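FYI, it's all coordinate maths here, none of it is from the lab. The shown structure was predicted, so the numbers you read here are calculated from the model rather than taken from an experiment. Here the Cβ positions follow ideal geometry from the backbone for every residue, glycine too, while neighbour counts run over all protein chains shown.
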Amino acid sequence: EQAMAELVKYTENRDSLLKAQCAINLVKSKLQIINSELSLARNHSVLVSMQDRIKTTESVYQKLKRKNLPCTGKAIEENITDMAGVRAVCAFEDDIYRVSAILLKQPDIKLAKKKDYIKNPKKSGYRSLHLIIHVPVYLSTGVEWIKVEVQLRTSAMNFWADLDHQLRYKKGAKEARLIGKELKEYADRIKELDEHMVEMRKKIEAM
Ligand code: 0O2
């Protein structure tokens, strides 16, 4: 309980929440512009949907526990890279890399870390492209660079990850073990499906 109270000081600080929301809005606005331009150029809708969230105290707590870290501001600052998160869902896998390249070329975006779980899927079968970026939020007191984790996925990857997340986080370890192997097989099938969908689109474009 004391750990929780310590955590709340950092996760529910109004100043930090405001900055996180501003950073999210900025990234979403950039992604919307990229989507409009790219969809026009490629002649199909590139982004299917976008979601954002600020990590809850409970989720931060679970993550710190999982990593055996103390509930301190320092531990959050150093280890929780997704306090502010934006998820962008594309129809096609190749568009993920187009969106990412355009975003990262912008001079006011600083890339801290790129984790390509599409080229290197997690053991669970999880696939997505993660970009941990810093974006400038202009406040009356000056500029502050805020960390945002952008997760880029296809609709199919998102479908799989939502289901997996429900199982992994809402159910216990026992259930996860029982069904994990089966889910991994579906992740492989989704990978194939994503590849076929790009081929199909190219075929249609060439007609
Ligand atoms: P939530 O509820 O989404 O916020 P590490 O494993 O230490 O290298 P770390 O810091 O855990 O890396 O980050 P990682 O794994 O690069 O990305 C974390 C986020 O990616 C997760 O956030 C999930 O959103 C997503 N993710 C990563 N692996 C999986 C997976 O196997 N299945 C699903 N469904 N999502 C995954 P949180 O904080 O775990 O959860």
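Report the relative contact order of the chain, percent, no decimals, based on alpha-carbon pairs under 8 angstrom and at least 6 residues apart.
In percent, rounded to a whole number, it is 21.
Quote the FRET efficiency, to the nearest 0.05, computed for I132 versus M207 with a Förster distance R0 of 35 Å and r equal to the Cβ-Cβ distance. Display every interim value, and only then the final one.
Values: r = 40 Å, r/R0 = 1.14.
About 0.30, to the nearest 0.05.
What does the convex hull of the alpha-carbon atoms of the chain project to on average, in nm²?
Directional mean of the projected Cα hull area for the chain stands at 12.9 nm².
Using 7 Å Cα-to-Cβ label points, what is the K105/K123 separation (nm, one decimal)?
Here the answer is 3.9 nm between the modelled labels.
7 Å from Cα along Cα→Cβ at both D188 and Q2: what's the point-to-point distance in nm?
Reported label-point gap for D188 and Q2 is 4.9 nm.
Provide T154, T11, T57 in ascending order of the number of other Cβ atoms located within 10 Å of each residue's Cβ, fewest first.
T57, T11, T154
Run the simple label-point estimate for T72 and R14 please: 7 Å along Cα→C-beta, distance reported in nm.
Reported label-point gap for T72 and R14 is 2.8 nm.
Take the Cβ-Cβ distance between H196 and R98 as r, set R0 to 22 Å, and report the resulting FRET efficiency rounded to the nearest 0.05.
Approximately 0.70, to the nearest 0.05.
Stretched out fully, how many nm does the piece from Q166 to S36 gain, at 0.36 nm a residue minus the Cα gap?
43.6 nm
Counting each DSSP H run of 4 or more residues in the chain as -39500 (n - 2.57), what helix-only mean residue ellipticity at 222 nm follows after dividing by all residues, to the nearest 500 deg cm²/dmol?
On the way: 7 runs with 114 residues, N = 207.
Helix contribution divided over all residues of the chain: -18500 deg cm²/dmol.
Grab the other residues whose beta carbon is less than 10 angstrom from that of P121, score K and R as +1, D and E as -1, and report the net.
With Lys, Arg at +1 and Asp, Glu at -1, the neighbours total +4.
Name the residue farthest towards the positive end of the dipole of the chain from the options L18, Q2, Q151, assuming +1 on Cβ of Lys and Arg, -1 on Cβ of Asp and Glu, about the Cα centre.
Value computed over the given set: Q2.
Rounded to two decimals, what is the ratio between the C-alpha radius of gyration of the range 1-75 and 2.2 N^0.38 Å?
So the range 1-75 has a normalised radius of gyration of 1.54.
Would you work out the charge dipole size for the chain about its Cα centre, treating the Cβ of every Lys and Arg as +1 and the Cβ of every Asp and Glu as -1, and quote it to the nearest 20 debye?
About 480 debye.
Across the chain, where is the longest run that never hits trypsin sites (Lys or Arg not before Pro) in a DSSP loop with at most 13 other C-beta atoms within 10 Å?
Value returned for the longest uninterrupted segment is 1-66.
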